[in-house]
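First the structure, then my questions, so here it is.
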């Protein structure tokens, strides 16, 4: 069976360590991950997904402004003929969590169209498990 | 048998001939005559050979080997298709430009009938179809193939897209009697360019088909195969000069600027990687030997559009020459494309236009930086395109360098400016002019005698 292509990258930000770990783990798990780099725009992710026929887009952001940067990404997927694209986001998503519970943060990102939202201590195994579930793939080794 | 070679360039305006002795590594002479593609291509060749005999006493007919390239009859006109404009469509465009083609149109995504009709109207020499990385999107390239296959397009078609649907695309075109060539994907993986196989197929088609279609076969008896489009010969000459051969050291990374009547071409032979550590590279990887063509920057056919750019330039604003006179002369140039400037006034106008053409063409060719401020106070830079700041050699070629008096001043326009620090042009290069217009000859000679070719090329470059 062809390996499922997943697009990964860092939106607007430069901190790419998480994406590199995740790319390595996805490859080991039998996916075809494509790390498209850092300082990306929403359009960079969407265009890469169109060209490669990717099944999911994994966005990383660790500089605290993700919620602003992510606005409209789901709508752009719709415009690009990929309305059902699986969108995940993870990293250090908000500047301060003083007055926000994780639940609030997660809800805010889900409202803006992300299927799953991960805090910074998420393990790659969790993301892989979720991807297999959402893409209806057998849970592997 | 002597080791004398006659090199011929069938240009759009002039047919140029150069006689070279490979044994003594000497340029024996050069000459030109107006091209005669519409009548009989050999008339121009014969006249150029006459001129060679008159000016240098050299009989081009006695040369034991002949090599030729051509950009006449409109050059190699191509249309390129991809999926996403910045990805496979851009890769297809770069493959075509690097093969020496004139890219008339680039199309992307699923085509509609109107766009197919536009291709029919353009009637290109070659149609290049890409789209999808290997294993990536299949739907769009199949859609486009099905739409184009029944169209009134006689040009050979090259399929350089997703390998998973290669055979299917080939069958679609073949079933409609189209002439289809299949090669490797121009972008097999996202962000990876693979343009060489496509460039090679373009060159094969050029030799086999295009030359015949444009009536050049009449010259075949005299010059043999026309080996490549002229811009590719120039790019190969530049490549040879930069890299050298096994026994001859090259000049290192360089840039060649070809200011022509219709276009300004810029060739860079350079890695173009960031020269500063705090820079993040973005966008498609750049070809080591890269060619860009500016269709709005020409000294003759496009003098009018070039003059519009000149008027924005502070240097031109400060000129003391009467603007009305200049505009009259510019208009004259667009109608009389083979004008060679003679008076001080004409030379000055030509120089100013060439400076502006070089300034803009190199800015479009070179990469650029933009800065980002992160919340922690750090600044990072993002580079798109090639960093040419460390390129140490800039070579000018084309009529304005051959006949003009201001080679250095014109080439200075290609360099890094403090006022525009984000354009990554060469910072402190040495300047050379291709005085006798031999770069194309070097590119052709490199196919038979690369060592001699580089020595001859280097010798005739004049530092300015």
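Only one of (1) assigned to a loop (DSSP other than H, G, I, E, B); (2) over 27 Å from residue B:132 (Cα atoms); (3) within 15 Å of the chain's Cα centre (by Cα) is not met by residue A:139, so which one is it?
Single failed check for residue A:139: (3).
With respect to residue A:13, determine if the residue is in contact with a strand residue (DSSP E or B) (Cβ under 9 Å, 6 or more places away or on another chain), in contact (Cβ under 8 Å) with a residue 40 or more places away in the chain and within 9 Å of chain B (Cβ to nearest Cβ).
Considered against the rule, which asks whether it is in contact with a strand residue (DSSP E or B) (Cβ under 9 Å, 6 or more places away or on another chain), in contact (Cβ under 8 Å) with a residue 40 or more places away in the chain and within 9 Å of chain B (Cβ to nearest Cβ), residue A:13 comes out as yes.
While we're on this one: Of the residues B:82, B:75, which is closer than 27 Å to residue B:187 by Cβ and in contact with a helix residue (DSSP H, G or I) (Cβ under 7 Å, 6 or more places away or on another chain)?
Unique residue meeting the criteria: B:82.
Looking only at segment A:26-53, filter to residues that are under 28 Å from residue B:193 (Cβ atoms), more than 8 Å from every other protein chain (Cβ to nearest Cβ) and touching a residue at least 40 places away in the same chain (Cβ under 8 Å); which one of those is surrounded by the most Cβ atoms within 10 Å (Cβ to Cβ)?
A:49
Taking into account only those residues within segment B:206-226 that are under 20 Å from the mean Cα position of the chain (by Cα) and crowded, with 21+ Cβ neighbours inside 10 Å, which is nearest to residue B:387 (Cα to Cα)? Please lay out each step first, then the result.
Quick first cut of segment B:206-226, residues under 20 Å from the mean Cα position of the chain (by Cα) only: B:206-207, B:210-211, B:214, B:226.
This time we only want the ones that are crowded, with 21+ Cβ neighbours inside 10 Å, so: B:206, B:210-211, B:226.
Values: B:206: 32, B:210: 36, B:211: 37, B:226: 35 Å.
Ranking the candidates gives B:206 first.
Which number in (1) surrounded by fewer than 22 Cβ atoms within 10 Å (Cβ to Cβ); (2) without any contact (Cβ under 8 Å) to a residue 40 or more places away in the chain; (3) under 22 Å from the mean Cα position of the chain (by Cα) marks the one condition that residue B:448 misses?
Status for residue B:448: all satisfied but (2).
Of the numbered conditions (1) farther than 19 Å from residue A:119 by Cα; (2) surrounded by 23 or more Cβ atoms within 10 Å (Cβ to Cβ), residue A:4 satisfies every one except a single condition; which is it?
Checking residue A:4 against (1) farther than 19 Å from residue A:119 by Cα; (2) surrounded by 23 or more Cβ atoms within 10 Å (Cβ to Cβ), the one that fails is (2).
A further question on this structure: So is residue B:135 within 22 Å of residue B:286 (Cβ to Cβ), touching a strand residue (DSSP E or B) at 6+ places or on another chain (Cβ under 9 Å), modelled with pLDDT under 95 and part of a loop (DSSP other than H, G, I, E, B) or not?
no
Yes or no: residue B:128 free of Cβ contacts under 8 Å to residues at least 40 places away in the same chain, more than 9 Å from every other protein chain (Cβ to nearest Cβ), touching a helix residue (DSSP H, G or I) at 6+ places or on another chain (Cβ under 8 Å) and not in a helix (DSSP H, G or I)? Let's see the steps before the verdict.
Details: free of Cβ contacts under 8 Å to residues at least 40 places away in the same chain: no; more than 9 Å from every other protein chain (Cβ to nearest Cβ): yes; touching a helix residue (DSSP H, G or I) at 6+ places or on another chain (Cβ under 8 Å): yes; not in a helix (DSSP H, G or I): yes.
In short, no.
Are any residues in segment B:32-59 assigned to a strand (DSSP E or B) and either closer than 19 Å to residue B:443 by Cβ or over 25 Å from the mean Cα position of the chain (by Cα) (or both), and if so, which ones?
Scanning segment B:32-59 gives a single hit, B:32.
Quickly run through segment B:301-312 and pick out the residues that are surrounded by fewer than 21 Cβ atoms within 10 Å (Cβ to Cβ) and under 15 Å from residue B:332 (Cβ atoms).
Answer for segment B:301-312, where residues must be surrounded by fewer than 21 Cβ atoms within 10 Å (Cβ to Cβ) and under 15 Å from residue B:332 (Cβ atoms): B:301, B:304.
Given the conditions (1) surrounded by 17 or more Cβ atoms within 10 Å (Cβ to Cβ); (2) more than 12 Å from every other protein chain (Cβ to nearest Cβ); (3) not in a loop (DSSP other than H, G, I, E, B), report the number of the one that residue B:111 does not fulfil.
(3)
Could you check segment B:138-245 for helices (runs of 4 or more DSSP H) lying wholly inside it with 1 or more residues that are modelled with pLDDT under 95?
Numbers: elements: B:139-148, B:166-175, B:196-205, B:217-223, B:230-243.
Helices (runs of 4 or more DSSP H) meeting the threshold: B:139-148, B:196-205, B:217-223, B:230-243.
Just to be sure before I move on: is residue A:84 at negative phi, surrounded by fewer than 23 Cβ atoms within 10 Å (Cβ to Cβ) and either under 11 Å from the mean Cα position of the chain (by Cα) or more than 11 Å from chain B (Cβ to nearest Cβ) (or both) in the structure I sent?
When the stated conditions are applied, residue A:84 passes them.
Looking for whichever is more than 14 Å from every other protein chain (Cβ to nearest Cβ), at pLDDT 95 or above and in a helix (DSSP H, G or I) here; the options are A:130, A:104. Which one fits? Show your work before the answer.
Details: A:104 fails: at pLDDT 95 or above.
So the residue among A:130, A:104 that is more than 14 Å from every other protein chain (Cβ to nearest Cβ), at pLDDT 95 or above and in a helix (DSSP H, G or I) is A:130.
Run down B:103, B:116, B:84 and say which single residue is over 16 Å from the mean Cα position of the chain (by Cα) and away from chain A (no Cβ under 11 Å).
B:116
Which one is surrounded by the fewest Cβ atoms within 10 Å (Cβ to Cβ), of the residues in segment B:282-296 that are at pLDDT 90 or above and within 13 Å of the chain's Cα centre (by Cα)?
Looking at the filtered set, the residue picked out is B:289.
Yes or no: residue A:90 on the phi > 0 side of the Ramachandran plot and either within 14 Å of chain B (Cβ to nearest Cβ) or touching a residue at least 12 places away in the same chain (Cβ under 8 Å) (or both)?
no
A follow-up question, please. Which residue is nearest to residue B:84 (Cα to Cα), if the candidates are limited to segment A:62-80 and must be within 14 Å of chain B (Cβ to nearest Cβ) and out of contact with any helix residue (DSSP H, G or I) (no Cβ under 8 Å at 6 or more places or on another chain)?
So the residue we want is A:79.
The values are calculated or read from the model by the stated rules, or taken from the named source; none is laboratory data. The structure displayed is predicted, hence computed values, not measured ones. Heads up, the Cβs are rebuilt from the backbone with ideal geometry, glycines too, and the neighbour counts pull from every protein chain shown.
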